[in-house]
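Here's the structure we're looking at; comments come further down.
The values are calculated or read from the model by the stated rules, or taken from the named source; none is laboratory data. None of these values were measured; they are calculated from a predicted model. All Cβ positions, glycine included, derive from the backbone under ideal geometry; neighbour counts span all protein chains shown. The protein model used for the area step is the full one, side chains on, heavy atoms only, and it has no ligands, DNA or RNA in it. Shrake-Rupley method; radii C 1.70, N 1.55, O 1.52, S 1.80 Å.
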Amino acid sequence: MELNVTINGEDREFFVDPGMLLLDFLRSEGYLGVKNGCSEGTCGSCTVLVDDKPLKSCIMFVGQVQNKKVLTIEGLGTPEKPHPLQDEFVEEGAVQCGFCIPGMILSANALLITNPDPTEEEIKEGLDGNLCRCTGYVKQIKAVKNAAKRMREEN
Amino acid sequence: MLTNHLYPNTIEEVFEYLGEPNSKLLAGGTGLSLEKNLKLETLIDLQNVKLSYIKAEGDYFAIGAMTSAHEIYKYDALPDSLKYAAYSVGDTPIMHAVTIGGNLAKFYNWVDIPPMLWAMDASIVIYNPKETVMSSDEFFAYSRKNNVSARRELIAEIRVPKSVKNSFSEYQTFMTTENEKAQLSLASYFEWDDKGEIGKTHFVLSAAVGFPIRITAIEDKLNGSLLNDIEIDELITMALDDIKLVSSYKSTIEFRKHILGVYIKRTINGLKEKMEVTK
Ligand code: FES
Ligand code: FES
């Protein structure tokens, strides 16, 4: 089937197998920041934003993003100019092995799009569904708080 | 093998496409994408059929079947019990993906929103392709025989009655970790008159039974009574005598019985408090 989708701001057209999951499709197209942790909607490492909402790409058919906007971690900041969330995760030491981090940062980004000044409870809710096997979440919550503050100041 | 993904724009188109062999309706996709259904050839994706809305209409809220659990959870005017049931569906991305219609169609016994809808006596608008409005009692009896996703039907709208002055509703669900399936859930709804006499009681039990059920023995006991005349322990015994719980590898029947007793007690105490406040 034909798939028209905007990925990381770029309008793209593909011919895809409708039985493919969004996770497998994105990885096959080189968006390797989308991680496969559990393949069953539990861990959150495959989270991407679809029309600014965090969704788990391992439990979606590829055709569900027809004519939609998909954001993967590759579309957020660059190595030269990282997004404030990426900067603050590094600054706070909120990353260990890094496997959960793309999903975590995208979920945080979805939260900050709708709520630029979240409380700690709201940050926890925003990150809910992203499991990290290495850290204790404290630094990640702090990093989101700092990034939100920076983004408010910059705007 | 899946070869087709179709996007109807209207309910009429949905029924045209349902004529395709081995086709299934697709809402949020969280259940279907995990199924290894080799027979499935066509997905009929409901994303363009305008069924995502919450509207206040007279004495009820009309909720489109494609409305997500997250939208329900965040909609201020809806009853807190329903919002909590929507919140219990899963983590934030899961709440964004799961739809109220999908939850009703793909009837896993641990689902959170349907038992609460039943307790609140919501009506379900179904097309087959003719429009039918079913009461919860009708819908759940009908779905018990065969889930909607296996039928050639579309759940289009759910009508949730607005809370009346003397009413109380609650949803409780037991899990040992946040993102596992519920082990026992109890949804309840009550109405009473100005003298404190209970006129309507619904207790819907799910997850610890094969299919959600109303606990009619204790509903009958409460209806027409004053709460002060009710012994909670007697109610719990009646409930446990009335229903047959099933076990799982996570919890024994004995454990589930205990949880149910605790939930009934909490519900009655919550009801007492609400009745005091509204006196
Ligand atoms: S890989 Fe999708 S939630 Fe774990
Ligand atoms: S940093 Fe290793 S899983 Fe989160």
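Basic side chains Lys and Arg get +1 at the Cβ, acidic Asp and Glu get -1 at the Cβ, and with that the dipole of chain B about its Cα centre reaches some 500 debye. Distance between the C-alpha centers of the range B:207-279 and the range B:87-119? Whole Å please. Between the Cα centre of the range B:207-279 and that of the range B:87-119, the gap is 22 Å. Of the residues B:270, B:224, B:47, the one whose Cα sits farthest toward the positive end of the charge dipole of chain B, with +1 on the Cβ of Lys and Arg and -1 on the Cβ of Asp and Glu, is B:47.
Solvent-accessible surface, computed for protein heavy atoms with a probe of 1.4 Å, shrinks by 10 Å² or more for the following residues of the range A:9-24 when the other protein chains are added to the isolated chain: A:17, A:18, A:19, A:21. For chain B, a Gaussian network of Cα nodes joined below 10 Å ranks B:161, B:93, B:79 by mean-square fluctuation, and the top entry is B:93. Here the Gaussian network model covers chain B, with springs between Cα atoms less than 10 Å apart; of B:173, B:201, B:216, B:216 fluctuates the most.
Based on DSSP H segments of at least four residues, each scored -39500 (n - 2.57), chain A has a per-residue ellipticity at 222 nm of -10500 deg cm²/dmol. Rounded to the nearest whole Hz, the Karplus-based 3J(HN,Hα) values (6.51 cos²θ - 1.76 cosθ + 1.60, θ = phi - 60°) of the range A:109-121 follow the sequence 5, 4, 4, 5, 5, 9, 9, x, 10, x, 7, 4, 4, with x at glycine and proline.
Surface exposure of the range A:45-155, expressed per residue as accessible area with a 1.4 Å probe, stands at 46 Å². Under the simplified labelling scheme, the residue B:141-residue A:38 pair shows an inter-label distance of 3.9 nm, with each label point 7 Å from Cα along Cα→Cβ. Applied to the range A:55-69, the Karplus parametrisation 6.51 cos²θ - 1.76 cosθ + 1.60 on θ = phi - 60° returns per-residue 3J(HN,Hα) values of 9, 8, 6, 7, 10, 9, 6, 4, x, 6, 9, 3, 6, 10, 9 Hz, with x for Gly and Pro.
Charge tally for residue B:166 (other residues, Cβ to Cβ under 11 Å; Lys, Arg +1; Asp, Glu -1): +1. Taken across both chains, chains B and A shield about 2000 Å² of accessible surface from a 1.4 Å probe. If the only charges are +1 at each Lys and Arg Cβ and -1 at each Asp and Glu Cβ, what is the size of the charge dipole of the range B:54-161 around the Cα centre, to the nearest 20 debye? Charge dipole, the range B:54-161, about its Cα centre: 440 debye, nearest 20. With Cα atoms defining each centre, the range B:171-201 and the range A:94-110 are spaced 36 Å apart in the structure. If R0 equals 51 Å, the separation of the Cβ atoms of residue B:226 and residue B:179 corresponds to a calculated FRET efficiency of about 0.75. Estimated from helical segments only, the mean residue ellipticity of chain B at 222 nm is -9500 deg cm²/dmol, where each DSSP H run of four or more residues counts as -39500 (n - 2.57). If you roll a 1.4 Å probe over chain B with all protein chains in place, what percent of the accessible area is carbon or sulfur? Here it works out to 50 percent. Here the Karplus curve 6.51 cos²θ - 1.76 cosθ + 1.60, taken at θ = phi - 60°, turns the phi angles of the range B:49-54 into couplings of 7, 6, 10, 10, 6, 10 Hz, with x standing for Gly and Pro. Across the protein chains, with a 1.4 Å probe defining accessible surface, the residues A:5, B:133 rank B:133, A:5 from largest area downward. What's the angle, to the nearest 10 degrees (0 to 90), between helix B:253-277's Cα axis and the longest principal axis of chain B? That helix lies at roughly 70 degrees to the long axis.
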